[in-house]
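Below is one structure, written out as structure tokens, with a few remarks after it.
The values are calculated or read from the model by the stated rules, or taken from the named source; none is laboratory data. Just so it is clear, the model here is predicted, and its values are computed rather than measured. Using ideal geometry, Cβ is built from the backbone for each residue, glycine included, and neighbour counts are taken over all protein chains shown. Side chains are part of the model used for accessible areas, which takes the heavy atoms of the whole protein and leaves out ligands, DNA and RNA. Shrake-Rupley method; radii C 1.70, N 1.55, O 1.52, S 1.80 Å.
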Amino acid sequence: QLQASGGGLVQAGGSLRLSCAASGRTFPVMGWFRQAPGKEREFVAGLWSSRTYYSDDVKARATISRDNAKNTVYLQMSSLKPEDTAVYYCAAGSSPVPFVETAYDYWGQGTQVTVSS
């Protein structure tokens, strides 16, 4: 139900935009998480109604947004750092606590983001 795209190899300082298209229904809560090698999955950004939430790591460098007509959520990130390298997962759910994994019922397949130094 969720299809993530937009990952790739980016140089440090660069930017990218991830997309997550949802099919079948709309979700009040959508978010992005990431998992770096050897680390647990962590919250990156979330959106509930018109409210946005960000982790401290990315809040100055990321923007989450959605296009309701396309049922798609985006994550725009800039000033990328090598430590942003991870598999990024989009998620969708109904619970209005978008910064916790348990708020989400559906997960996308993940898209790899690699930031080179």
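Summed over region 40-60, the residues that are free of Cβ contacts under 8 Å to residues at least 40 places away in the same chain, among the polar types (S, T, N, Q) and over 14 Å from residue 27 (Cα atoms) give a count of 1. When residue 10 is tested against (1) closer than 20 Å to residue 71 by Cα; (2) open to solvent by 20 Å² or more (accessible area, probe 1.4 Å), only condition (1) is not met. For region 16-51, the candidate set comprises residues that are in contact with a strand residue (DSSP E or B) (Cβ under 6 Å, 6 or more places away or on another chain) and among the polar types (S, T, N, Q); within that set, the residue that is surrounded by the most Cβ atoms within 10 Å (Cβ to Cβ) is 19. When residues in region 70-94 are screened for being closer than 24 Å to residue 26 by Cβ, over 13 Å from the mean Cα position of the chain (by Cα) and open to solvent by less than 50 Å² (accessible area, probe 1.4 Å), 2 of them pass.
Yes or no: region 18-35 includes at least one residue that is in a loop (DSSP other than H, G, I, E, B), of a type outside the set (Val, Ile, Thr) and over 25 Å from residue 95 (Cβ atoms). No: region 18-35 contains no residue that is in a loop (DSSP other than H, G, I, E, B), of a type outside the set (Val, Ile, Thr) and over 25 Å from residue 95 (Cβ atoms). Scanning region 41-51 for residues that are out of contact with any Asp or Glu (no Cβ under 9 Å at 6 or more places or on another chain) and either part of a strand (DSSP E or B) or within 15 Å of residue 112 (Cα to Cα) (or both) turns up 45, 46, 47, 48, 51.
Selection of region 95-117 for residues being in a strand (DSSP E or B), open to solvent by less than 30 Å² (accessible area, probe 1.4 Å), of a type outside the set (A, V, I, L, M, F, W, C) and over 13 Å from residue 5 (Cα atoms) yields only 104. Restricting region 52-69 to residues that are part of a loop (DSSP other than H, G, I, E, B) and either in contact with a Pro (Cβ under 7 Å, 6 or more places away or on another chain) or basic (Lys, Arg) (or both), the residue that is surrounded by the most Cβ atoms within 10 Å (Cβ to Cβ) is 61.
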